[in-house]
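S.K.: For reference, the structure I am asking about is given below.
The values are calculated or read from the model by the stated rules, or taken from the named source; none is laboratory data. Note that the structure is a prediction, hence the values are computed from the model and not measured. Counting neighbours? That spans all protein chains shown, and the Cβs are built from the backbone with ideal geometry, glycine included.
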């Protein structure tokens with residue numbers, strides 16, 4: 001079966017700066033991959049590139065069977081990105097937000113309701129505007145949107161940030177359930193102990209390139225390695 | 001595309017109903033503009049009566065700018081523009097939905113402004129059919145062109161000051177045509193107003209088509 005992610009010598013720009021400078025990565029369908037690396041290594045940019053938000057300027061990039069260099073739009077409706085921002089409307093309630101983004105992705109309103117309950121945002125919280133939520137509750141609402149959209153590829157950037165212990169366990173359970181159901185998950189995290197337990201494979205990125213496993217030479221050496 | 005448009009319009013209108021920016025800030029601003037014009041132009045001299053159609057539409061344009069800026073400000077917060085790009089919504093649907101929401105907000109404001117000019121300027125209009133059609137066509141044009149230029153300016157740091165600079169010259173034909181049509185309705189000569197309504201309708205259709213086709217590229221670059 002074709003891998004969910006197939007990148008070869010991918011260069012992606014953040015403005016005019018090459019944030020990814022020759023990335024090689026394959027992720028099989030249903031796999032959970034942990035992306036680790038220091039700050040500024042290119043983790044977030046790689047996730048945004050996989051989501052079709054950052055343009056690929058050279059190399060080969062296929063995500064869920066779509067060529068990112070030809071047309072990024074078909075990929076976007078099949079991925080769910082949990083970034084640093086929660087991407088929610090402050091003025092709308094939790095239920096309004098989750099329902100809107102779920103319906104936009106073509107999911108049923110039942111999916112939105114189930115996701116809200118799964119993230120512990122049911123009852124009174126469902127009708128609270130996002131502006132009045134705590135940071136952790138906002139993060140839960142953002143994850144509820146992701147779950148309700150039922151994406152084929154989950155791209156999680158620091159998914160445990162701002163969450164309490166119970167919610168962190170909940171997120172891990174949701175990720176495992178999604179992978180068991182066939183979804184592919186790429187997690188960027190600094191919480192290595194927790195994420196190592198979650199992921200089936202660990203990939204290290206540094207200076208905008210994926211580090212090869214110990215003892216293995218790099219397949220494509222980037223000419224413009226990020227300092 | 002129309003399902004997406006309705007989804008986006010309903011979302012934008014719900015945001016406005018919850019935040020009440022239109023009711024608490026834009027509508028009072030519109031009435032304040034009318035009051036200031038009344039102070040500036042002596043009501044007894046007849047100048048105010050003559051200028052009423054133009055003043056009404058200038059006030060509508062100012063309110064339109066605020067409504068359009070607000071429409072894109074909610075998308076700028078919390079990376080919601082990225083969420084829109086990832087949403088799977090048709091770009092043409094997003095454009096039509098946002099334009100529809102702006103139009104409905106503006107129509108509500110025009111009703112308020114209409115009462116304002118009747119009460120403050122003692123204006124009497126006879127051609128109601130022409131007046132209502134003018135409002136619909138002009139508002140559609142303002143909403144479509146405004147949404148198109150709104151997304152163009154949305155990604156720029158100077159968007160608050162750039163949008164009026166870009167949009168007001170584009171809306172000059174709407175201001176002229178709607179003012180002439182209003183004058184014809186006020187003076188009881190609706191026959192002279194309908195050609196201007198035709199121009200307004202043409203403007204609205206042109207910008208709706210351009211917006212529905214081009215919005216996706218502009219959203220990518222914003």
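S.K.: For the stretch B:105-222, please list each of the helices (runs of 4 or more DSSP H) lying entirely inside it that holds at least 2 residues being closer than 25 Å to residue B:85 by Cα and touching a residue at least 24 places away in the same chain (Cβ under 8 Å).
M.R.: Ranges flagged: B:128-154, B:159-170, B:190-221.
S.K.: Give me a count of the residues in the stretch A:83-96 that are modelled with pLDDT of 90 or more and more than 7 Å from chain B (Cβ to nearest Cβ).
M.R.: Total meeting the criteria: 3.
S.K.: Something else: Considering (1) within 12 Å of another protein chain (Cβ to nearest Cβ); (2) closer than 20 Å to residue B:18 by Cβ; (3) free of Cβ contacts under 8 Å to residues at least 12 places away in the same chain; (4) surrounded by fewer than 17 Cβ atoms within 10 Å (Cβ to Cβ), say which one residue A:134 fails and leave the rest.
M.R.: Result: residue A:134 fails condition (1) only.
S.K.: Please verify whether residue B:93 is buried (at least 24 other Cβ atoms within 10 Å of the Cβ), within 20 Å of residue B:153 (Cα to Cα) and within 13 Å of chain A (Cβ to nearest Cβ), treating the condition exactly as stated.
M.R.: The answer is no for residue B:93.
S.K.: Follow-up. Suppose the filter is part of a loop (DSSP other than H, G, I, E, B), touching a strand residue (DSSP E or B) at 6+ places or on another chain (Cβ under 9 Å) and surrounded by fewer than 23 Cβ atoms within 10 Å (Cβ to Cβ); does residue A:2 pass it?
M.R.: The answer is yes for residue A:2.
S.K.: Could you please find all residues in the stretch B:183-215 being more than 30 Å from residue B:47 (Cα to Cα) and modelled with pLDDT under 90?
M.R.: Answer for the stretch B:183-215, where residues must be more than 30 Å from residue B:47 (Cα to Cα) and modelled with pLDDT under 90: B:214, B:215.
S.K.: Let me ask something else. Return only the number of the condition from (1) within 11 Å of chain A (Cβ to nearest Cβ); (2) farther than 28 Å from residue A:72 by Cα that residue B:81 does not satisfy.
M.R.: Failing condition for residue B:81: (2).
S.K.: Quick test for you: out of B:144, B:101, pick the one residue that is crowded, with 20+ Cβ neighbours inside 10 Å, over 30 Å from residue A:152 (Cβ atoms) and within 14 Å of chain A (Cβ to nearest Cβ).
M.R.: It is B:101.
S.K.: Another one. For the stretch A:57-68, give me each residue that is closer than 17 Å to residue A:24 by Cβ and surrounded by fewer than 22 Cβ atoms within 10 Å (Cβ to Cβ).
M.R.: Selection gives A:57, A:58, A:59, A:60, A:62, A:67.
S.K.: For the stretch A:55-78, how many residues are in a loop (DSSP other than H, G, I, E, B), away from every other protein chain (no Cβ under 14 Å) and touching a residue at least 40 places away in the same chain (Cβ under 8 Å)?
M.R.: 1
S.K.: Take the residues in the stretch A:100-113 that are buried (at least 16 other Cβ atoms within 10 Å of the Cβ) and more than 8 Å from chain B (Cβ to nearest Cβ); name whichever of them is farthest from the chain's Cα centre (by Cα).
M.R.: By that ranking, first place goes to A:113.
S.K.: Check residue B:85 against each of (1) out of contact with any helix residue (DSSP H, G or I) (no Cβ under 6 Å at 6 or more places or on another chain); (2) free of Cβ contacts under 8 Å to residues at least 60 places away in the same chain and name the one condition it does not meet.
M.R.: Of the numbered conditions (1) out of contact with any helix residue (DSSP H, G or I) (no Cβ under 6 Å at 6 or more places or on another chain); (2) free of Cβ contacts under 8 Å to residues at least 60 places away in the same chain, the odd one out for residue B:85 is (2).
Residues checked against (1) within 14 Å of another protein chain (Cβ to nearest Cβ); (2) farther than 23 Å from residue B:175 by Cβ; (3) crowded, with 19+ Cβ neighbours inside 10 Å:
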| position | (1), (2), (3) |
| --- | --- |
| B:9 | yes, yes, yes |
| B:12 | yes, yes, yes |
| B:15 | yes, yes, yes |
| B:19 | yes, yes, yes |
| B:32 | no, no, no |
| B:35 | no, no, no |
| B:39 | no, no, no |
| B:59 | no, no, yes |
| B:73 | yes, yes, no |
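Results for (1) under 18 Å from the mean Cα position of the chain (by Cα); (2) modelled with pLDDT under 85, shown as yes or no for each residue.
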site	(1), (2)
A:13	no, yes
A:26	yes, no
A:31	yes, no
A:34	yes, no
A:42	yes, yes
A:59	no, no
A:72	yes, yes
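This table checks each residue for (1) crowded, with 20+ Cβ neighbours inside 10 Å; (2) part of a strand (DSSP E or B); (3) touching a helix residue (DSSP H, G or I) at 6+ places or on another chain (Cβ under 8 Å); (4) within 14 Å of chain B (Cβ to nearest Cβ).
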| position | (1), (2), (3), (4) |
| --- | --- |
| A:44 | yes, no, no, yes |
| A:47 | yes, no, no, yes |
| A:53 | yes, no, yes, yes |
| A:98 | yes, no, yes, yes |
| A:117 | no, no, no, no |
| A:120 | no, no, yes, no |
| A:124 | no, no, no, no |
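Yes/no per residue for (1) under 20 Å from the mean Cα position of the chain (by Cα); (2) crowded, with 19+ Cβ neighbours inside 10 Å:
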residue: B:185; (1), (2): no, yes
residue: B:189; (1), (2): no, no
residue: B:197; (1), (2): yes, yes
residue: B:200; (1), (2): yes, yes
residue: B:204; (1), (2): yes, yes
residue: B:207; (1), (2): yes, yes
residue: B:211; (1), (2): yes, yes
residue: B:219; (1), (2): no, yes
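S.K.: Would you mind telling me which numbered condition in (1) buried (at least 19 other Cβ atoms within 10 Å of the Cβ); (2) farther than 26 Å from residue A:49 by Cβ residue A:141 fails?
M.R.: Of (1) buried (at least 19 other Cβ atoms within 10 Å of the Cβ); (2) farther than 26 Å from residue A:49 by Cβ, only one is false for residue A:141: (2).
S.K.: Anything in the stretch B:21-30 that is within 14 Å of chain A (Cβ to nearest Cβ) and crowded, with 21+ Cβ neighbours inside 10 Å? List them, or say none.
M.R.: If the condition is that a residue be within 14 Å of chain A (Cβ to nearest Cβ) and crowded, with 21+ Cβ neighbours inside 10 Å, then B:22 is the only one that fits.
S.K.: Could you check residue B:108 against (1) touching a strand residue (DSSP E or B) at 6+ places or on another chain (Cβ under 9 Å); (2) away from chain A (no Cβ under 13 Å) and say which number it fails?
M.R.: It fails just one condition, (1).
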